Amino acid sequence: MTFQLSEDHQAIRDAAKEFAVNEIAPTAVERDKTAEFPTEIVQKMGELGFMGMMVAPEWGGAGLDTVCYTLALEEIAKVDASCAVIMSVNNSLVCWVIETFGTPEQKERFLRPLAMGGKLGAYCLSEPGVGSDATQQATTATLQPDGSYLINGAKNWITNGTKADHYIVFAQSDPAKKHHGITCFLVEKGMPGFEIGLKEDKLGIRSSDTCSLGFTDVRVGPDRIVGAEGQGFKIAMETLNGGRIGIAAQALGIASGAMEKAIRYSFERHAFGQPINHLQTIQFKLADMQVKTEAARMLIFRAARKKDAGENYIKEAAMAKLYASRIAMEVATEAIQVHGGYGYVREYLVERALRDAKITEIYEGTSEIQHIVIARQLMKEYELSN
Ligand SMILES: Cc1cc2nc3c(=O)[nH]c(=O)nc-3n(C[C@H](O)[C@H](O)[C@H](O)COP(=O)(O)OP(=O)(O)OC[C@H]3O[C@@H](n4cnc5c(N)ncnc54)[C@H](O)[C@@H]3O)c2cc1C
């Protein structure tokens, strides 16, 4: 496998970097304080093709590969991890589901506007009592005599929750079949009985939007089922496999952004009559940070390449997410250390990296769950080869 970027990859990375630095960075600090959603930025991301990067042009997307997607996400997360997660959910968890499992009618009606950035999507799997064990969906979808379903229940922690137009919702439609009875539905904002909760006040990714959702007899027709009835759990898990590559890229962006700031500061700050980057301790910290970010980048690249090649990438995606999120925490912590006391205050930006990094160890499968996924795949590979 070659780790070389093509000219197209480099062009996408440069375009994302330019956009991130010029259009996102200037308001990132303020939005972190106010937790204001970046409405205009998301609109521009849509116009530039960042909201449907991997969707086929036939459905209004940019038709790019997963490598391009991770490069763009890294550049955007470098300056603002909130914008990165908004983009990541729309791309990996919403557009991908509809493009992969949706009907041509669903693609025309829902995917096209989502991919072009005119509409925003959300992915609703977690519930107040259900997180890592998503088999236990308490939200129900009850079949009615006319063929429609009534959805009842609650979802929690939904990214883009208050701002989205279209929601991918998982619900139990046949409890006797346990997780084989879970079905995936498309729900729209404004449907009777669909209630949107208050935005959560979070530690990090503060200007992203996270909320709970309520469903009381929300009626959806069979044309709102994505994939087949009972296929929902499989769809949810396959979607998260791809999503993890995006979250790994987000974590890498947080880490590489913090590292760049630490390097810059190490030139500016003097101690004992010299710039601190003349001190071996600081040099070694920076060297370790570099090794970690590069290793994460390689894991992400490998997972993305495998996905693009149509190979099984479950283990690689989990490895990339597990490692990138871990090193995002470590690199952000060390970036603060390099800044000394200045690293502990908002003005120098690296404390935001630490607050933003933490979520990458939690959502789209916690680090503990990534260990389980990786170990399971290892065992399968061993059994197959012996
Ligand atoms: C900011 C934010 C945004 C989010 N966005 C979305 C979204 O858009 N859509 C969505 O559906 N969800 C979203 N989530 C939910 C997120 O995916 C869950 O929080 C996550 O999957 C963990 O579930 P939980 O919080 O219920 O923790 P739990 O599952 O209750 O886990 C608690 C602890 O137990 C550990 N644990 C659980 N099971 C095991 C096990 N088998 N072995 C070892 N350890 C285990 C976990 O790793 C964790 O440390 C978001 C969450 C946050 C905080």
Query - the stretch 339-376 - residue that is within 16 Å of the ligand (Cβ to nearest atom) and β-branched (Val, Ile, Thr) and, of those, nearest to the chain's Cα centre (by Cα) - result: THR360
Query - Answer residue from the stretch 109-122, given it is among the charged types (D, E, K, R) and in contact (Cβ under 8 Å) with a residue 24 or more places away in the chain and is nearest to the ligand (Cβ to nearest atom) among those - result: LYS119
**Report entry** Condition broken by ALA25, with the remaining ones in (1) in a helix (DSSP H, G or I); (2) of a type in the set (A, V, I, L, M, F, W, C); (3) modelled with pLDDT under 95 satisfied
**Finding:** (3)
**Report entry** Pair list, Cβ under 8 Å, 6 or more apart: the stretch 266-291 residue in contact (Cβ under 8 Å) with a residue 40 or more places away in the chain, other residue surrounded by fewer than 14 Cβ atoms within 10 Å (Cβ to Cβ) and outside any helix (DSSP H, G or I)
**Finding:** ILE276/HIS270
Query - Verdict on MET379 being at pLDDT 95 or above, within 16 Å of the ligand (Cβ to nearest atom) and in a helix (DSSP H, G or I) - result: yes
Requested in this report: Among what's in the stretch 1-46 and is free of Cβ contacts under 8 Å to residues at least 40 places away in the same chain and β-branched (Val, Ile, Thr), pick the residue that is farthest from ASN160 (Cα to Cα).
Outcome: THR2
Query - Number of the condition not met by LEU125 [criteria: (1) within 30 Å of GLY253 (Cα to Cα); (2) in contact (Cβ under 8 Å) with a residue 24 or more places away in the chain; (3) surrounded by fewer than 22 Cβ atoms within 10 Å (Cβ to Cβ)] - result: (3)
Report task. Find the residue count for the stretch 213-263, including only residues that are in a loop (DSSP other than H, G, I, E, B) and either in contact (Cβ under 8 Å) with a residue 60 or more places away in the chain or charged (D, E, K, R) (or both). Result -> 4
Query raised in the report: Is it the case that some residue within the stretch 319-327 is within 16 Å of the ligand (Cβ to nearest atom), hydrophobic (A, V, I, L, M, F, W, C) and farther than 16 Å from MET289 by Cβ?
Result: yes
Query raised in the report: Are there any pairs with C-beta distances below 8 angstrom linking a residue in the stretch 365-386 that is under 14 Å from ASN312 (Cβ atoms) to a residue that is of a type in the set (Lys, Arg) and surrounded by 12 or more Cβ atoms within 10 Å (Cβ to Cβ), with the two at least 6 apart or on different chains, and if so which?
Result: VAL373/LYS315; ILE374/LYS315; GLN377/LYS315; LEU378/LYS315; GLU381/LYS315
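Check GLN283, GLN337 and return the single one that is part of a helix (DSSP H, G or I) and within 27 Å of VAL29 (Cα to Cα).
Working: GLN283 fails: within 27 Å of VAL29 (Cα to Cα).
Only one candidate passes the filter, namely GLN337.
Can you go through LYS107, LYS119 and tell me which one is within 13 Å of GLY60 (Cα to Cα), modelled with pLDDT of 95 or more and in a loop (DSSP other than H, G, I, E, B)? Before the answer, list the steps.
Details: LYS107 fails: in a loop (DSSP other than H, G, I, E, B).
Testing whether each residue is within 13 Å of GLY60 (Cα to Cα), modelled with pLDDT of 95 or more and in a loop (DSSP other than H, G, I, E, B) leaves just LYS119.
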Query raised in the report: Is it the case that ILE196 is over 20 Å from the mean Cα position of the chain (by Cα) and β-branched (Val, Ile, Thr)?
Result: yes
Requested in this report: List the number of the failed condition for GLY49; all other conditions in (1) surrounded by fewer than 19 Cβ atoms within 10 Å (Cβ to Cβ); (2) of a type outside the set (A, V, I, L, M, F, W, C); (3) on the phi > 0 side of the Ramachandran plot hold.
Outcome: (1)
Query raised in the report: So which strands (runs of 3 or more DSSP E) are wholly in the stretch 123-200 and hold at least 3 residues that are near the ligand (Cβ under 10 Å from one of its atoms)?
Result: 149-159, 166-172
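Is at least one residue of the stretch 255-278 within 16 Å of the chain's Cα centre (by Cα), surrounded by 21 or more Cβ atoms within 10 Å (Cβ to Cβ) and not aromatic (Phe, Trp, Tyr)?
So the first thing to find is which residues in the stretch 255-278 are within 16 Å of the chain's Cα centre (by Cα), and the list is 255.
If we keep only those that are surrounded by 21 or more Cβ atoms within 10 Å (Cβ to Cβ) as well, we get 255.
Adding the requirement that they be not aromatic (Phe, Trp, Tyr) leaves 255.
Checked against the condition, which is being within 16 Å of the chain's Cα centre (by Cα), surrounded by 21 or more Cβ atoms within 10 Å (Cβ to Cβ) and not aromatic (Phe, Trp, Tyr), the stretch 255-278 yields at least one hit.
The values are calculated or read from the model by the stated rules, or taken from the named source; none is laboratory data. The structure presented is a predicted model; accordingly, all values stated were derived computationally and were not measured. Virtual Cβ from ideal backbone geometry, glycine too; neighbours counted across all protein chains shown.
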